[in-house]
Ligand code: ARG
């Protein structure tokens, strides 16, 4: 296929993606660079800066506001699946498919089929972004200059300086940060050392327990069909609800996560996250599921949720397996409506109440003080419980054999 003259660059405004702007022209021969920055809830000034930089470098720039779609179709799907990978609520992971999808939308409008992104060859984002682009546009040509040319940070800085790429902000940054509505990730510098305690300065969304408000916060999270719909009785749009949850939980020191994470390529890396809102909503959602789903549904769903989380971690957003898992998840979530009361205080988060029209709990059945459930009817059931174990023990006695693995 003859290479097209236009390339769509998935653009964050950081050093890696900024270096790509002159590079795809000079080294890959494109005439027109279109930059796309997708707003999934990163700081407004990052979005503005990206647009300014791109324009200063003469690209045709698009900013796509995808916050509500991201919140509703990505974050809330993660809630329904209790999504968690090695203790991390997948905030970066679930943003990549929508970012790539928006770049594909822009490309389709412009009739472009070539893409570039700034991912390195070590991380997960390269898999997520390239899979999403190819799933939505099979004929796409994708370039990953940083990975393909084995660029190092110092080489990139030198190249950027020689090409007039504005990198002042990038140079001042010690930490590598990725941020969206579902969470904030902080990497780089000494944080890479698994045994280096994260300094307080890396945290922006969460207070430390000692600096948190000295007041108990109780709040109600309402759900409909597995998705959060209101906080303290106030109905909010998905993106606004997550933003409010981030503030409430963050000031109560909820959501700091420090983990060793197994990346797709097998690298073990140390990761720090702040995920106050997502941790709050996920915890409340589980509490409601525990009230309305059957024991078997709950047990089986933990496996479904783990599979969903793995697919989401790998960015396989448009995989048929995911559709199948979501068919099961969706059928359970129809009943996950109701309200959960949470108590937050200096880093602790406790569920202190739950109610639902679909609750399987029945006061009359469970109470000590009623006759609806005739307790004497349990006698035969109890007597025959563990029948096979009992038979085993009588056999052991009869044969005079010793019990246990060393026998
Ligand atoms: N390790 C996390 C993940 O793969 C988050 C990485 C965030 N940083 C980044 N530059 N994308 O989902």
Q) Expressed as an acute angle from 0 to 90° and rounded to the nearest 10, what is the orientation of the C-alpha long axis of helix 15-26 relative to the principal long axis of the chain? A) 40 degrees
Q. Any idea how far apart residue 27 and residue 176 come out in nm if each label point goes 7 Å out from Cα toward Cβ?
A. 1.7 nm
Q: With a point put 7 Å past each Cα toward its Cβ, work out how far residue 286 is from residue 367 in nm, to one decimal.
A: 3.1 nm
Q: Just rank 219, 298, 280, 161, fewest to most, by other beta-carbon atoms within 10 angstrom.
A: 161, 298, 219, 280
Q.
Let me make sure I get this right: for the range 336-404, a, b and c are the square roots of the gyration tensor eigenvalues over alpha carbons, sorted descending. Under 1.5 in a/c it's rounded, otherwise prolate if a/b > b/c, else oblate. Which is it?
A. oblate
Q. Hey, what angle do you get for helix 153-163 against the long axis of the chain, alpha-carbon based, 0 to 90 degrees rounded to 10?
A. 40 degrees
**Q.** Bridge type composition, the range 105-230 - antiparallel percent by DSSP, nearest 5
**A.** 75 percent
Q: Return the distance in nm (one decimal) between the two label points of a simple spin-label model at residue 360 and residue 195, each offset 7 Å from Cα along Cα→Cβ.
A: 4.7 nm
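Could you list 207, 301 in order of exposure, starting from the residue whose Cβ has the fewest other Cβ atoms within 10 Å? Numbers along the way, then the final one.
Details: 207 19, 301 22.
Neighbour counts put them in this order, fewest first: 207, 301.
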(Q) Between the range 270-320 and the range 334-375, what is the separation of their alpha carbon centroids in Å? (A) 20 Å
Q: Could you tell me the distance between the Cα centroids of the range 2-70 and the range 157-197, to the nearest Å?
A: 18 Å
**Q.** Rounded to 10°, Cα long-axis angle of helix 238-251 versus longest principal axis of the chain
**A.** 80 degrees
Q. Based on DSSP, what percent of beta bridges with both residues in the chain are antiparallel, to the nearest 5?
A. 70 percent
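Throughout, read-outs are computed from the coordinates displayed, never taken from laboratory work. Model, not experiment: these values are computed from the prediction. Cβ coordinates were reconstructed from backbone atoms using ideal geometry, including for glycine residues, and neighbour counts include every protein chain displayed.
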